[in-house]
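Just so it is clear, none of the values below were taken in a lab; they were calculated from the coordinates. Predicted, not measured: the structure shown is a model, and the values here were computed from it. Note: ideal-geometry Cβ built from the backbone for every residue, glycine included; neighbour counts use all protein chains shown.
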Amino acid sequence: MTAMGKFVGRSWVDVASVTESELRYFLALSTTVKAAIKERRTAVYRLAGDRDLFAALLFSEPSTRTRNSFELAAQRLGLRTVGFAGTEATSVKKGESLLDTVDMFDSYGVDAVILRHPLDGAARAVAENLSGEERSVCCFNGGDGMNEHPTQGLLDVFTIGECCGRLHDLEIGIAVDPKYGRTTHSFPVLLGLFPDNRFHVFSHPDLRMPKAVIRHLADRGVEVREYFDSGEQLREKLPDLDFLYMTRLQRERFEDDAEYYRARDMYLFTPEMMELTRPHFGVGHPLPDNKEFPTISPALKRHPKFWPKRQAGNGVPTRLVEIALSLGLMGADFDGEVYHPAPVDLSFSQERPVDGEKPRPGPVDIRPIDNGTVIDHIEGNPYVIDKISRLLGLAARGTIFRMGVVAPLRRPGSRKGVVMIKDRLLDDEEMRLIATLAPGSTVNDIREGHVVRKRDLFLPGLVEGLPDMQCTNHRCITRHEHHEHVPARALRLGAGTDSRIVKCFYCNNLMESHEVL
């Protein structure tokens, strides 16, 4: 692969797939391009030449900054743009799915798709749909629901570097709405690539940062402290912060108006608060701010520590670099580490030696079987046991079975679930289903009253293709009620076979593995 090939075809749909080397290179290029745009040195950035390149801007939600900065970036590169801003005049109003819409622009031969969509995980679904053997079209995530906004995250990190003069050893505050504010799910992950950065998150208790983001940062050793009591905690912490990232309350994403009103008046950054800050402090905001209930006082708009306008302006050079790298117009001299996804372990069982005869537990409410299958060591959760029975179709198929909870001899005081299925052995697909529902359980093949085969089950690295599988996030593009026909997939978190937590492949939602079925 050539050096240029390291970026060609790259889709920018999430921030977890960006390496530190890639980010440093990207920031350096963005600095060069920003200066060239200011000085109108077009030779630096008008790189498409006579190539016939098109970008499709497909924005299903309102946007001022993201859409127009992408359009300006594409045009400054020399691309032409097509697409729509809002779905009122499109076939989406006739019931067309997102992937069908994208397929149309793919068939027209566009070279890049820039997407904003209300469903979480939409950008990754589109990127997968546009990836093929004959040709791949780059996808740029301009915001998917409340999930991520990676291109905003890149410009945010670029802005913080300009403001603070460094990207390490920073005290970063995030305030108001880290739950629904997708921008706050992106830039901390990128900034976490640099050493000794710490995050202080101020919000109403109902608006706390998603567990997936906090866990990802924790896995990188990044400290995140959360503050819920009141806006007074933000005031007390201000003298220690290098940068404060404010967000608006996104009323359109609140499922409960009462939640919105409780949170609305907690935080307002005022001129008096600005007086408490460090000399090189900056306050940023992804915008828009609500003119009726602003989170930064309008009196600060001309203050030298007010960064939102410069932050928004940085969208043009950074997004220009993203498009240029993916289309091979830049990137020939990059020789750093590129992102490679970790290999996925699809196994889900391990053979165990069959022990000799063991005394049966004392009084139990399940009689043993002579031939068939015993699923043992299910966590003592009747809900999981009932779900195993239903998904294996035990009652529907007329199978003779018994199930219940018993007390193991070796762990007094604990409980385990057991399912006994008479005269039936399980196939691999059924075993994979049980491994997802009840990792840590054991499947025993029984013949003439003896265990002849024993397998320990653990959660596979990728969970997919199971009946009625769904993400528990109701905004996820895979949910059946959205009719987008994207099959659910989930990745196991953690390398250990004792893991029971999965993350939605599309929207990053964390779930207990049994919840996906």
For Arg220 and Asp427, compute 0.36 nm times the residue count separating them, minus their Cα-Cα distance, and round to one decimal in nm.
-> 70.6 nm
So what's the angle, to the nearest 10 degrees on a 0 to 90 scale, between helix 315-326 and the longest Cα principal axis of the chain?
-> 60 degrees
State, as an integer percentage, the relative contact order of segment 151-292 based on alpha-carbon contacts under 8 Å between residues 6 or more apart.
-> 29 percent
Run the quick spin-label model on Glu292 and Glu20: label points 7 Å from Cα toward the beta carbon, then report their separation in nm to one decimal.
-> 4.7 nm
For segment 151-292, just the Cα atoms, rotate onto the principal axes and tell me the three extents in Å, largest first.
-> 40, 35, 26
For segment 215-342, what is one quarter of the convex hull surface built on the Cα atoms, given in nm²?
-> 11.9 nm²
Which GluC sites (Glu not before Pro) does segment 225-332 hold that lie in a coil by DSSP with at most 15 other beta carbons within 10 Å?
-> Glu255, Glu275, Glu292
Over segment 462-516, what relative contact order in percent results from Cα pairs under 8 Å that are six or more residues apart?
-> 32 percent
Eligible lysines near Lys416 by straight Cα distance, threshold 21 Å, same-chain separation 8 or greater = Lys358, Lys387, Lys454
Expressed in nanometres to one decimal, the distance between label points 7 Å along Cα→Cβ at Lys38 and Arg135 is 3.9 nm
Can you give the percent of C-alpha pairs in segment 26-150 whose distance is more than 20 Å?
-> 47 percent
Pull out the extension gain between Asp256 and Arg402, defined as 0.36 nm times the separation in residues minus the alpha carbon to alpha carbon distance; nm, one decimal.
-> 48.2 nm
Tell me, what is the FRET efficiency for Asp370 and His483 to the nearest 0.05, using R0 = 45 angstrom and their Cβ-Cβ distance as r?
-> 0.40
Straight distance only, please: which lysines reach the Cα of Lys38 with their own Cα at less than 17 Å, same-chain residues fewer than 8 apart left out?
-> Lys309
Evaluate 2.2 N^0.38 Å with N set to the residue count of segment 77-165, then give the Cα radius of gyration divided by it.
-> 1.24
Would you kindly compute the Cα radius of gyration of segment 429-517 and its largest Cα-Cα separation (Dmax), both in Å?
-> 14.9, 50
Would you work out the relative contact order for the chain, in percent, from Cα pairs under 8 angstrom that are 6 or more residues apart?
-> 15 percent
FRET efficiency for Val452 and His340, using Cβ-Cβ distance with R0 set to 45 Å, rounded to 0.05 | 0.60
Rounded to the nearest 5, the percent of DSSP beta bridges in the chain running antiparallel is 50 percent
How far is helix 98-107 tilted off the main Cα axis of the chain, in degrees rounded to 10, range 0 to 90?
-> 60 degrees
Go through Leu392, Tyr261, Gly336 and say which Cα lies farthest out towards the positive end of the charge dipole of the chain; charges sit on Cβ, +1 for Lys and Arg, -1 for Asp and Glu.
-> Tyr261
Could you check the simple spin-label distance between Asp386 and Asp355, using points 7 Å along Cα→Cβ, in nm with one decimal?
-> 3.1 nm
How many angstrom lie between the C-alpha centres of segment 34-102 and segment 442-517?
-> 38 Å
Correct semi-axes for segment 86-134, from √(5λ) of the alpha-carbon gyration tensor and rounded to whole Å with the largest first, are 18, 14, 9
What do the square roots of 5 times the Cα gyration tensor eigenvalues come to for segment 56-113, in whole Å, largest first, as semi-axes of the equivalent ellipsoid?
-> 21, 15, 7
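Apply the a/c threshold of 1.5 to the C-alpha gyration tensor of the chain and tell me whether it is rounded, prolate or oblate.
Prolate is the answer for the chain, as a/c is 1.5 or above and a/b outweighs b/c.
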In terms of the alpha carbon gyration tensor, root eigenvalues a ≥ b ≥ c, rounded if a/c is under 1.5 and otherwise prolate when a/b exceeds b/c or oblate, segment 1-78 is rounded
By how many degrees, between 0 and 90 and to the nearest 10, does the Cα long axis of helix 150-164 differ from the longest principal axis of the chain?
-> 50 degrees
